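Colleague: Below is one structure. I have some questions about it.
The values are calculated or read from the model by the stated rules, or taken from the named source; none is laboratory data. Everything numeric here is computed off the predicted structure, so don't read it as measured data. When we count neighbours, we look across all protein chains shown, and the Cβ atoms used for this are built from the backbone with ideal geometry, even at glycine.
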């Protein structure tokens, strides 16, 4: 019988329970030591060999783990351990090479090489991401990763590694048709004229666009001329070509023969143009605007005849910022001339635009998109819908704003 002052005897542990408890405490102790930088090399080496997966993973991530243990963990059966090691080795590699003892430096390189050959691409990709910017990595490792079959491994090294020289890059360009590989080369900082020539020769759309957009790429005049000769049908090249600072006068004139009116405007705004080139661009701009207006008028007329010149048609044109299409469509639907519609839009009068859309028989949703997408109004200049969908002006107010622009 137990008195109030007596405690019940603890239930005796079975042998199995005792071993389980002992193992649990051992694992907890291992986990604590595995992450400590002051655990000592002997302890970390023991844990790398005998610890559970979580413990070995912690040892792999521990910057104090000795070189021999790192090399052992590079062959660990669990990929999560090798991923943790790849992240650490890649990040700390410059410091590991600073070791005074040659055998430690050799061990660090051997570990790096083993991880670069890992059968799991995730491990190789982590390593590649970490070492891409280092200039102390053995070139053999960089070349191995640059030619990896998995783009997640190859691309960071190809785009950023300072260990790849012009010869390596040209060989990569010549050896592949993969657009992502070519684009990674094209995006590199301080790209030489020789490598730019190699990329341009492929005429890969994405890669050449990346090359043109790379302000650090040296592109020879004859290379730009070659690209321009193929660019008329490649819309992706128009903007990066037009904004390049190194265009010759001849290149500017040639571009003006096929880019849109907005891009001719951009060319004309460049500083340092001679009077003859300015006049040439002005003439091309007038021709292009006339051509574009005729094309947009044809699209609107076809929609009118097909019975599809409606809310959906105008909303799509507004969302795509096709200003001339919007002007022509509103002109037809509101029964007013294009010059007046253009004057309303260019006046930046939100209320005038709302009244014009109302007259065209369209919704406030279109009127609001017209303000933001085409007129580029923002903040206090915007006039939103009432109750989310209704016109915010009375009919009398809208007629007054129409009259202000001469629309009766």
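Colleague: Taking the stated definitions as given, is residue 299 in a helix (DSSP H, G or I) and at pLDDT below 95?
Modeller: Details: in a helix (DSSP H, G or I): yes; at pLDDT below 95: yes.
So residue 299 passes the test.
Colleague: Look at residue 376 and say whether it is closer than 30 Å to residue 294 by Cα, under 32 Å from the mean Cα position of the chain (by Cα), at pLDDT below 95 and part of a loop (DSSP other than H, G, I, E, B).
Modeller: The answer is yes for residue 376.
Colleague: Which condition number in (1) in a loop (DSSP other than H, G, I, E, B); (2) exposed (fewer than 15 other Cβ atoms within 10 Å of the Cβ); (3) at pLDDT below 95 is the one that residue 190 fails?
Modeller: For residue 190, the exception is condition (3).
Colleague: Are any residues in segment 303-319 over 35 Å from the mean Cα position of the chain (by Cα) and either touching a residue at least 12 places away in the same chain (Cβ under 8 Å) or under 25 Å from residue 353 (Cβ atoms) (or both), and if so, which ones?
Modeller: Of segment 303-319, the ones over 35 Å from the mean Cα position of the chain (by Cα) are 303-310.
Passing the criteria: 303, 304, 308, 309, 310.
Colleague: Turning to a different aspect of this structure: If residue 120 satisfies every condition in (1) farther than 18 Å from residue 154 by Cβ; (2) touching a helix residue (DSSP H, G or I) at 6+ places or on another chain (Cβ under 8 Å) but one, which is the exception?
Modeller: Looking at each condition in turn, residue 120 falls short on (1).
Colleague: Let me ask another. Quick check: anything in segment 326-348 part of a loop (DSSP other than H, G, I, E, B), surrounded by 20 or more Cβ atoms within 10 Å (Cβ to Cβ) and under 34 Å from the mean Cα position of the chain (by Cα)?
Modeller: no
Colleague: Okay, moving on. Which numbered condition trips up residue 160, out of (1) buried (at least 16 other Cβ atoms within 10 Å of the Cβ); (2) over 30 Å from residue 217 (Cβ atoms)?
Modeller: For residue 160, the exception is condition (2).
Each row is one residue, and each column tells you yes or no for (1) over 22 Å from residue 169 (Cβ atoms); (2) crowded, with 18+ Cβ neighbours inside 10 Å; (3) more than 29 Å from the chain's Cα centre (by Cα).
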site	(1), (2), (3)
216	no, no, no
242	yes, yes, no
258	yes, no, no
271	yes, no, yes
279	yes, no, yes
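Here's the yes/no breakdown for (1) surrounded by fewer than 17 Cβ atoms within 10 Å (Cβ to Cβ); (2) over 21 Å from residue 164 (Cβ atoms); (3) in contact (Cβ under 8 Å) with a residue 60 or more places away in the chain; (4) touching a strand residue (DSSP E or B) at 6+ places or on another chain (Cβ under 8 Å):
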position: 105; (1), (2), (3), (4): yes, yes, no, no
position: 110; (1), (2), (3), (4): yes, yes, no, no
position: 115; (1), (2), (3), (4): no, no, no, no
position: 123; (1), (2), (3), (4): no, yes, no, no
position: 130; (1), (2), (3), (4): no, no, no, no
position: 135; (1), (2), (3), (4): yes, no, no, no
position: 141; (1), (2), (3), (4): no, no, no, no
position: 150; (1), (2), (3), (4): yes, no, no, no
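Colleague: State whether the residues of segment 274-288 include one that is without any contact (Cβ under 8 Å) to a residue 40 or more places away in the chain and not in a helix (DSSP H, G or I).
Modeller: So far as segment 274-288 goes, yes, one or more of its residues are without any contact (Cβ under 8 Å) to a residue 40 or more places away in the chain and not in a helix (DSSP H, G or I).
Colleague: So which of 87, 75, 80 is assigned to a loop (DSSP other than H, G, I, E, B) and assigned by TED's automatic domain parsing to the domain that holds residue 136?
Modeller: 75
Colleague: A follow-up question, please. I'm checking my understanding of the structure. Among residues of segment 245-256 that are outside any helix (DSSP H, G or I) and buried (at least 17 other Cβ atoms within 10 Å of the Cβ), which one is nearest to the chain's Cα centre (by Cα)? If you could, list the steps in order and put the result at the bottom.
Modeller: Just the residues of segment 245-256 that are outside any helix (DSSP H, G or I), to begin with: 245-248, 256.
From the residues that got through so far, the ones that are buried (at least 17 other Cβ atoms within 10 Å of the Cβ) too are 247, 256.
On the way: 247: 26, 256: 29 Å.
Per the stated criteria, the residue is 247.
Colleague: Another question, then. Of the residues that sit in segment 60-69 and are part of a helix (DSSP H, G or I) and under 35 Å from the mean Cα position of the chain (by Cα), which one is farthest from residue 106 (Cα to Cα)?
Modeller: 61
Colleague: Could you list, in sequence order, all residues of segment 228-254 that are touching a residue at least 12 places away in the same chain (Cβ under 8 Å) and closer than 16 Å to residue 292 by Cβ?
Modeller: 232, 238, listed by residue number.
Colleague: Then there is this: Which of the residues spanning segment 281-292 are under 34 Å from the mean Cα position of the chain (by Cα) and closer than 16 Å to residue 322 by Cα?
Modeller: Once the filter is applied, which keeps residues that are under 34 Å from the mean Cα position of the chain (by Cα) and closer than 16 Å to residue 322 by Cα, segment 281-292 yields 288, 289, 292.
Colleague: Mind checking which helices (runs of 4 or more DSSP H) fall wholly inside segment 99-173 and carry at least 3 residues that are closer than 28 Å to residue 192 by Cα?
Modeller: Values: elements: 102-116, 121-131, 139-146, 151-160.
Qualifying helices (runs of 4 or more DSSP H): 121-131, 139-146, 151-160.
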